[in-house]
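Following: one structure in structure tokens, then a few remarks.
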Amino acid sequence: MTRTIIAALLLALPASAPAVAAPAPAAPNLDLQVRCAALFALVAGEQDRKVPGADRFPPLNERGKAFFVATGVRLIDERGLTREAIAPLFRQEIGTLQTEFAAAPDPAAHADAQMALCLPLLPPHSPTVLPPPRKG
């Protein structure tokens, strides 16, 4: 399941980094961003499967995917990684998180603490743009 999520998200990454990027606000530490992207993927998966308690976090399907893709682009830009090299990195981070949750005396409290660090990094929620109505 985790591999399917990672594979789907990696398909959204560009084959190569964009040639010119617009100036952006200061980005978070890349290692933290990787950890948060993995956490968002885990929580989004639980939300999709309607795991009890996962709904205490904001919906992460759309914004979490955007964050995951942005993290992948940063890994390509800043560390020179390929898309193929990114997948194992995310799988490793997801495995680390799962191990931490399993070992935590209170996994829910551990998840809350991790999400408290990561949620502020999410991009702002953008409104859904609907296509114009069809004529006829």
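The values are calculated or read from the model by the stated rules, or taken from the named source; none is laboratory data. Here the structure is a predicted model, which means the values were calculated and not measured. Cβ sites come from the backbone with ideal geometry, for glycine too, and all protein chains shown count toward neighbours.
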Can you name every residue in segment 86-115 that is in contact with a Ser or Thr (Cβ under 9 Å, 6 or more places away or on another chain) and either exposed (fewer than 12 other Cβ atoms within 10 Å of the Cβ) or farther than 21 Å from residue 58 by Cα (or both)? 86, 90, 91, 95
Of all residues in segment 54-109, count the ones that are charged (D, E, K, R) and over 13 Å from residue 34 (Cα atoms). 9
Mind listing just one residue for me: the one in segment 63-85 that is farther than 17 Å from residue 28 by Cβ and surrounded by 13 or more Cβ atoms within 10 Å (Cβ to Cβ) and, of those, modelled with the highest pLDDT? 81
Residue under question is residue 124, and the condition is that it be of a type outside the set (S, T, N, Q), out of contact with any Gly (no Cβ under 8 Å at 6 or more places or on another chain) and loosely packed, with under 13 Cβ neighbours inside 10 Å; does it hold? yes
